[in-house]
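Here's the structure we're looking at; comments come further down.
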Amino acid sequence: MKKLALVGVAALLWVTAALPASATAVVPHGRAALLLDGASGQVLYQQNGNMRNYPASTTKLLTALVAVEHGRLDQMVKVSARAVDQPPDSSSCYLKEGEEQRLENLLFGLLLASGNDCAIAIAEGVGNGSYDQFIAWMNETARRVGAVDSHFTNPHGLHEDNHFTTAQDLALISSASLSNPTIANMAATREFFWPGKSEMNGPYYNHHQMLGFYDGMVGGKTGYTEEANLTLVTAASRNGRLLIAVVMGEENKQNQYNDTIELLDYGFDEFETKSAVKDGTSFGTVSVTGGKEAVTGVAVKGTFQVSGPKGAAPKVSVQPRPLPEVTAPVALGQNLGSLEIREGDRLLGRLPLVATQTVAAKPDTLQIGLAWLTTVLKWLLIAFASLFLFRIIVKTTRRFLRRNRMRTAGFRRTPGSGRSIDFYRTR
C-alpha cells in the first residue's frame, strides 16, 4: 500500500516538473479554486470562490476543530451501532460496536484514513450522546470563522443535498483548523500506528500525497464523493507565510494535485509579506470634552501583515474608526477606537487606535466656587468653635479666681441671705 502511494506521488511530481517556477497564470481544472493567505485572510486567487459545492471528506477538518474545542484528547468514546453502520464503499477504520477508543486515536483515524465511522463516533462522544448538538456546534464554528455561505448536516461529508460550502468558506475553515497545533500535528502525520488496531489492519496512512514532497507542506485533507468529485485542501508555510489552497470538483487526481501545486507556487513566488499599516502611524485627532486641551492625537497600535504583489502595494484598504469624542482626563495610550483593514468589502482585521498624549481635565468654575465656599465655612466653624471655647475658659478662670479670693479674705455667704458675714465674729 505504501509503495503504491509513493509511486503515485513520484509520477505526480514528474508531471508537475514541467510547470514554470513562477506561475503567473493559474488555470485550475475543477469547478472552483481559491488561494488564501492563512494569516491575514486575504484571497490571493479565486475561481468561482463563492460558488456552492459539496465538500466531501474535507468536512472532517471542521469536525476535528469542533472535537478539539469541545472535547478532551484523553476522553474515552464508546462506538455505537450508528458509527459502524456505513456504506460498503465508505472510508472506514473498522471500528467495532461497543468498543471504547480515545478521542485522540479517533481523530488520527478521521484525518489520516478519513474514517467515516470515526467521524460519527467523535460526534456522538464529544456531543455527550447528542449527534445533533455536535452538528449545531459545527455550524456555529463555521460562522465564527467567517464561513457564512456554508451549511453542514453531518460530520463526515457523505453526500446530503443540504450539506454544502464554498471554496472561500472551506479555506477559512481549513485555516482555523490547521492553525490549531493539535490538528496541524495530526494532519502532518504520514502514518499512524493505532494501538490494538494496527496489529489487525496495519498502519493508517495519510491520504494526502503531497506530504513530504512539497516544500513547506503543513497538512490538509482529501475528499471525494460522486456528487462532489475530487476535493482537496492543502496548507503550506514558507518564511513565515501560511497559504491555504482549495480545489473543488476536480475530475482526476493528477489535475487535482497539479492545480494545488500551481496555486501554492503562485502565492509563494508572486507575493510577499508587507505591512498594511505601521505601528504608531497617526490618524488625526479626537475631540476632548472638559480637557485642558481641546483634542488629542490618535495613532494605531501594532502592525498588520498582509500579502502583496512583489514590487507593488498590497490591495487592501485601512479605515480608521475613532471615537467621536472623549471626556477628560485622557491617559497616554488610552483606547480611542479602532482601525479596520479591509480587502474590498471583507474585513481582514482590526487594530486599536490609542491616544498619543495625556490630557488633564480642565478645572470647573462651579466646582472651584464650591470648594472655596467649603473652605471658608470650615474656617468660620473652626473660628466660632475656638471663640466659644475661649469664652468658656475665661469664665471658668474668673470664677475660680473670685472664689479663691473669698476664701483668702475669710468671707462666706449666709445661705439664702445674699449678704456676706464675718465668719469669726458670729461664731
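Structure above, values below:
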{"read-out": "Residue in segment 323-344 that is part of a strand (DSSP E or B), small (Gly, Ala, Ser) and closer than 21 Å to Gly267 by Cβ present", "value": "no"}
{"read-out": "Qualifying position, being at pLDDT 95 or above, more than 25 Å from Arg82 (Cα to Cα) and in the same structural domain as Arg102 (by TED's automatic domain parsing), among Ala228, Ala184", "value": "Ala184"}
{"read-out": "Qualifying positions in segment 108-146 - touching a strand residue (DSSP E or B) at 6+ places or on another chain (Cβ under 7 Å) and within 27 Å of Leu347 (Cα to Cα)", "value": "Asn139"}
{"read-out": "Some residue of segment 252-267 being small (Gly, Ala, Ser) and at negative phi", "value": "yes"}
{"read-out": "Positions within segment 255-280 being within 20 Å of Lys310 (Cα to Cα) and among the β-branched types (Val, Ile, Thr), in sequence order", "value": "Ile261, Thr273, Val277"}
{"read-out": "One residue from Val295, Val326 being surrounded by 19 or more Cβ atoms within 10 Å (Cβ to Cβ), of a type outside the set (Gly, Ala, Ser) and outside the structural domain of Met217 (by TED's automatic domain parsing)", "value": "Val326"}
{"read-out": "One residue from Asp259, Asp269 being within 16 Å of Ala236 (Cα to Cα) and either among the β-branched types (Val, Ile, Thr) or surrounded by 16 or more Cβ atoms within 10 Å (Cβ to Cβ) (or both)", "value": "Asp259"}
{"read-out": "Residues located in segment 255-274, provided they are touching a residue at least 60 places away in the same chain (Cβ under 8 Å), assigned to a helix (DSSP H, G or I) and within 28 Å of the chain's Cα centre (by Cα)", "value": "Leu263, Leu264, Gly267"}
{"read-out": "Filter result for Gly109 (buried (at least 21 other Cβ atoms within 10 Å of the Cβ), among the small types (Gly, Ala, Ser), under 25 Å from Val218 (Cα atoms) and modelled with pLDDT of 95 or more)", "value": "yes"}
{"read-out": "Residue match in segment 89-101 (condition: crowded, with 21+ Cβ neighbours inside 10 Å, aliphatic (A, V, I, L, M) and closer than 24 Å to Glu140 by Cβ)", "value": "no"}
{"read-out": "Criterion (within 30 Å of Arg144 (Cβ to Cβ) and either modelled with pLDDT of 80 or more or out of contact with any strand residue (DSSP E or B) (no Cβ under 8 Å at 6 or more places or on another chain) (or both)) met by exactly one of Leu389, Leu381, Leu353", "value": "Leu353"}
{"read-out": "Residues within segment 186-243 that are among the aliphatic types (A, V, I, L, M), under 23 Å from the mean Cα position of the chain (by Cα) and under 29 Å from Gln101 (Cβ atoms), tallied", "value": "5"}
{"read-out": "The listed residue being touching an Asp or Glu at 6+ places or on another chain (Cβ under 6 Å), of a type in the set (Ser, Thr, Tyr) and either under 29 Å from Gly30 (Cβ atoms) or at pLDDT 90 or above (or both), out of Thr296, Thr273, Thr327, Thr303", "value": "Thr303"}
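The values are calculated or read from the model by the stated rules, or taken from the named source; none is laboratory data. Computed from a prediction, not measured in an experiment: that's the story for all the values here. Counting neighbours? That spans all protein chains shown, and the Cβs are built from the backbone with ideal geometry, glycine included.
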